[in-house]
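Each value in this text was obtained by applying a stated rule to the coordinates, not by laboratory testing. From a predicted model like this one, the values you see are computed outputs, not experimental measurements. Here the Cβ positions follow ideal geometry from the backbone for every residue, glycine too, while neighbour counts run over all protein chains shown.
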Amino acid sequence: MAKILILVALLVNLHASSDYDKDIIVLDQSRDDKVKIVFSELMQNYEEEDSYAFFKLISEERFIQDYMTFSEAIDEDFRKYEIVTVDTWIDKITSDGVKRYLYVKWEKRYETNDGRTQLTQRGYSRFLFDEINGNYKLIELAGNHLWGNSLSEWKEEVPQIAGQEPDVIPLEKGLPDLTILANCPSGFGGAMPIDITITNIGDSATTSGSIYYGGSAFYSSFEYVGNLNPGQSILINKNGDCYNGNDVIVDPDNFIEEDDESNNEYTLN
Amino acid sequence: MKYLNLTLIGLVSIVSASNFKQEDKWKVEGRLSGYLQNVDVENGTSVKEGFTQSHELDIKFHGPLYHGNAGIEARVRESNDERVQKNNEHLLFLKGYFTDKIWNHEIGDVAASLNPYVYGGSVKGLKVEYKNDKKEDKWDYKFITGIRKAQWRETYQTTENEGLDTYVAAFESKYTYERAKEITLSLASLKDDLESGYNKTAAGKKGTTLGIETKWRFNKYITLKGRAAVSHSTDDLRENKDSKIENAIRLRLLTRPVLSSIKSNFMYQRISADFISAAGSANADNEKFENSTSWKINKQLSTKLNLKSSRDNLDGGLGDTQYIYYESLNFLYKPESIKRANVDFKFTNRDVQGRGTNTNQFTAGVNGNYRTTTGFRYGLGYDYSNLTDSNTASSSQTINNIRFILGYKQKLEAESSYRITVTADVQNVSQDENNQDRYGLKLDAGYQVNKKLSMDLTYISRNTYRDESNDSVNSTYQFRTTYRLDDKGKKTVRLLLEKQDNDIENDSASSYNEHIAKLSYVYNF
């Protein structure tokens, strides 16, 4: 037994002092650095909405999810949003042979392309990179939706990971569905109080923490802080433009993924 | 040595393949967040007026236990803002758990989402999950039971407007053949206790639902997703209404006839008129057919076509049937010669017919964005919408809208940046005897220092001129600042100051000014 222990100790010693392993460590470090560089380039291209440069860093051939849905989701992001700022903090890099998993915590501020509302989203995501001809390319995304959150079909494709923010609800498992009703108790003809009722008639609770509402009856969007459980309602009283034909809209930017996005508007009458 | 290394790498990979990892020690983690807000209204009244505050604490105490992990989680809130918290319930969430490589046990506030037709939601009770360690050819199980209560205090007293006690149990077994090939069976049973609750006349329901759900990727070209359920339920227990056997089905076929250039997805749904899912949910009485086809013609041009149709009145009980037809067509052009530019064309058409409604809405829009390498951004958009209501002519309206954006963003050293954006829009709404023009302007400027401090200044003006009633002029001035106290974004303070001026022509009683100050914080520990 003692002999075996000595042998093991020797082996471990040899193992630790061999130049070969130093090479491995150096190589591994440079691999990690390579992945970090590719990620920061992806991030920069995303912020600058340069889809050509963005997709050059993604391997269509090895992409694990549906590449076409992903490219559609990126196009949709660029069409719908203007990124204000994205802050990222790399949490860790783990390896699976040559492949690298990069874990990132992030905070993204963006506004809708009509310049109406600014929103902040936080998350934790995992990106898988593979080496192709000496260059690292992105082949899978998991966790919260740093990229492509404007296309629900893509969100279905993204697996959840431990530690992600709980704002991701699997699409097929029942979604919230917000509706809005409003009336002007003092009648029409000017800026007056409007009673607004927002109800979640969907299958699951909203988890975004905030629900925005707005519309032509208001001058800017407002925020209700809190979530709504299935069947739960909230009555809000807000001064606005009480005129026949003006609209009130809940979740005007489709920030909350819903079962039915077409019932978010109500016309004062 | 090389082989020993490979073996070690292999071993590490096998160990890290399992998601379960025992924690090192017991620790407390949490998050404290909230806000203080003051709203002051001149020349008017608003329920929002006054000082409100809300503070929420999430706390989790967790660590290793035997060969697994255990913990307790709670969330409490204190607020005087009625919009956030209508009553004085402080304890929002309480849960204890024990998890190991295979089992997960939870007690307290537990939630599960199974097949939506069968079960979805949270109860005060117990949840047990069995997670098979294998990656494929495996069965996983889930069981949940308990009482549905809106608040914890309803468990020891009857509160005003408290609903009936609902007893629920649900079970799911899921077979995974391999990645993206799954079949799930689920069963749920529910019954309301008519003697409980505040309102002794509430109808109450009971029922059992059996469901099947599948996701099967046959190959790169075809994937089938579907769910179906049979329910034996009643939604009026007090009147002794009979339970009926009804069914619901939803099928989605995802096809990729030409990989990476064409995809076409089909959806069919039919939920019978009297389908009641006692523990799950479904909007009964409709039949839908939808198709969405995308074609990436080349790197520069892609197009998407959506076709949807739906009808209700499946059993004729509504007398007349309502049909809805929707079509939309999109083109996205990204010229290769001008990088960072895109032009988007969109057309939609929607018809609603039947049961007293006969409307058509047509919209068309073109939007272009261009961003230069020097930091400038240009955006131009035009949208047209025409609503024709054949039954009520006064509801018909036409809207024309033009929008323009000019922005500039510049990165400075050390992750600092600043930006300025000007957005202008003009809208004309033409209605029977009630035309109006709206002019909107928004100026937005922001400055960010490192990842720590950011400041924004916004001015929004919105003026509306109406033919038949008073004009209005609205201005909003807003200042926002965010400060992160650490490098990882775990501790953040935000301040918002806003002033809104609302003037209505010839109506000083309705004109008012609003001042808002809001300080919010997030502290993770």
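Summary of values
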{"quantity": "Within region A:26-172: Cβ-based charge dipole about Cα centre, in debye rounded to nearest 20 (Lys, Arg +1; Asp, Glu -1)", "calculated": "480 debye"}
{"quantity": "When region B:152-276 is reduced to its Cα atoms, the Kirkwood hydrodynamic radius in Å", "calculated": "17.5 Å"}
{"quantity": "Only Lys, Arg (+1) and Asp, Glu (-1) charged, at Cβ; region B:466-525 dipole about Cα centre in debye", "calculated": "960 debye"}
{"quantity": "From phi via Karplus (6.51, -1.76, 1.60), per-residue ³J(HN,Hα) for region B:474-489 in Hz, x at Gly/Pro", "calculated": "10, 10, 10, 10, 9, 10, 10, 9, 10, 10, 9, 7, 10, 7, 10, x"}
{"quantity": "Sparse-neighbourhood loop sites, GluC sites (Glu not before Pro) in region B:323-421 - DSSP loop, at most 16 other Cβ within 10 angstrom", "calculated": "B:Glu336, B:Glu413, B:Glu415"}
{"quantity": "Distribution of pairwise C-alpha distances over region B:123-190, 5 Å bins, in %", "calculated": "4, 15, 20, 15, 13, 10, 9, 6, 5, 3, 0"}
{"quantity": "Amide N proximity, region B:230-251 versus B:Lys288 label position 7 Å along Cα-to-Cβ, cut-off under 20 Å", "calculated": "B:230-231, B:247-251"}
{"quantity": "Computed P(r) (all Cα pairs; region A:26-172; 5 Å bins; percent)", "calculated": "2, 9, 19, 23, 23, 14, 6, 2, 1, 0"}
{"quantity": "Order of A:Tyr103, B:Tyr408 - criterion: other Cβ atoms within 10 Å of each residue's Cβ, fewest first", "calculated": "B:Tyr408, A:Tyr103"}
{"quantity": "Scattering profile of region B:358-482 at q = 0.09, 0.18, 0.22 Å⁻¹ [log10 I(q)/I(0), Debye over alpha-carbon scatterers]", "calculated": "-0.40, -1.02, -1.22"}
{"quantity": "Order of B:Ser511, B:Ser186 - criterion: other Cβ atoms within 10 Å of each residue's Cβ, fewest first", "calculated": "B:Ser511, B:Ser186"}
{"quantity": "Among B:Gln436, B:Thr464, B:Asn474 - extreme Cα towards positive end, dipole of region B:422-487, charges at beta-carbon", "calculated": "B:Asn474"}
{"quantity": "FRET efficiency, 1/(1 + (r/R0)^6) with R0 25 Å, evaluated for B:Asn463 and B:Glu433 via beta carbons", "calculated": "0.75"}
{"quantity": "Gained length - B:Glu239 relative to B:Glu505, 0.36 nm times residue gap less alpha-carbon distance", "calculated": "90.1 nm"}
{"quantity": "Rh by Kirkwood over Cα pairs, then Stokes-Einstein D for chain B at 0.692 mPa s and 37 °C, µm²/s", "calculated": "112 µm²/s"}
{"quantity": "All aspartates and glutamates inside 14 Å of B:Lys499 as judged from Cα atoms, apart from same-chain residues fewer than 8 positions distant", "calculated": "B:Asp40, B:Glu42, B:Glu49, B:Glu514"}
{"quantity": "Between region B:316-371 and region B:135-176, the Cα center-to-center distance that results, in Å", "calculated": "41 Å"}
{"quantity": "For chain B: relative contact order, % (alpha-carbon pairs under 8 angstrom, 6 or more apart)", "calculated": "8 percent"}
{"quantity": "Along principal axes, Cα extents of the protein assembly as shown, largest first, whole Å", "calculated": "100, 71, 56"}
{"quantity": "Which listed pairs, of A:Lys34/A:Lys56; B:Lys220/B:Lys308; B:Lys131/B:Lys181, have C-alpha distances above 23 Å, in listed order", "calculated": "B:Lys220/B:Lys308"}
{"quantity": "Efficiency of FRET between B:Val352 and B:Ala445 - r from beta-carbon atoms, R0 30 angstrom, step 0.05", "calculated": "0.10"}
